[in-house]
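What follows is a short report on a single structure.
Each reported figure results from applying straightforward, stated rules to the coordinates on display, with no laboratory input. Note that the coordinates shown come from a computational prediction; the quantities given were computed from them, not determined experimentally. Ideal geometry is used to build each Cβ from the backbone, glycine not excepted, and the neighbour counts take in all protein chains shown.
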């Protein structure tokens, strides 16, 4: 497990180096990238809940990332390491550790904490983890940022819950 944890942290480090080299260090805080780091730390520490939070974020975030890339969003080859590599290693880790119960709400709280960290530490124009404003294409559907946040909390809470249930069914020892 330690080797897998170090591998996932290496994925995150390579992707971080890419963003820092480009002059956009704030991009290391996008939830999918941090999820890969959570998987690595959880595997190193033997903490199934930490791994589960990372996997839940990635299982819901990878389809969103693919949609973003498919609709013209920026693609970086190193992002495959955190998105695909982090998810694959995390699933192997949970296969061995088991999927802990009640990880979904911990994933939701951790995501809210990460979003607040981004509000305090990243530039407004980067809008990392949608910490400052609604995506422009979503503005017609939400009259305020706070309504958007409430709707996304409900949506992601439901997605995280369903993801946990699916993983508990699919993974042995859960």
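Three principal axis extents of the chain based on alpha-carbon atoms, in descending order, are 45, 36, 30 Å. Computed from Cα atoms, the angle from the helix 103-121 axis to the main principal axis of the chain rounds to 40 degrees.
For residue 133 and residue 76, a Förster radius of 22 Å and the Cβ-Cβ distance give a FRET efficiency of 0.45, rounded to the nearest 0.05. Using a Gaussian network model on the chain with a 10 Å cutoff between Cα atoms, which of 109, 43, 64 fluctuates the most? Among 109, 43, 64, the largest mean-square fluctuation in the Gaussian network model of the chain belongs to 64. The ranking of 163, 82, 121, 49 from fewest to most other beta carbons within 10 Å of each one's beta carbon is 121, 49, 163, 82. Cα centroids of the range 23-40 and the range 132-174: 19 Å apart. For the residues 101, 13, 59, a GNM of the chain with alpha-carbon springs under 10 Å puts the largest fluctuation on 101. With contacts taken as Cα pairs under 8 Å at a separation of at least 6 residues, the chain carries a relative contact order of 26 percent.
Think of it as helices only: each DSSP H run of n ≥ 4 in the chain is worth -39500 (n - 2.57), and spread over all residues that comes to -23000 deg cm²/dmol at 222 nm. With each label modelled as a point 7 angstrom along the Cα→C-beta vector, the residue 102-residue 154 pair spans 2.5 nm. Among 65, 30, 120, the largest mean-square fluctuation in a Gaussian network model of the chain (Cα springs under 10 Å) belongs to 120.
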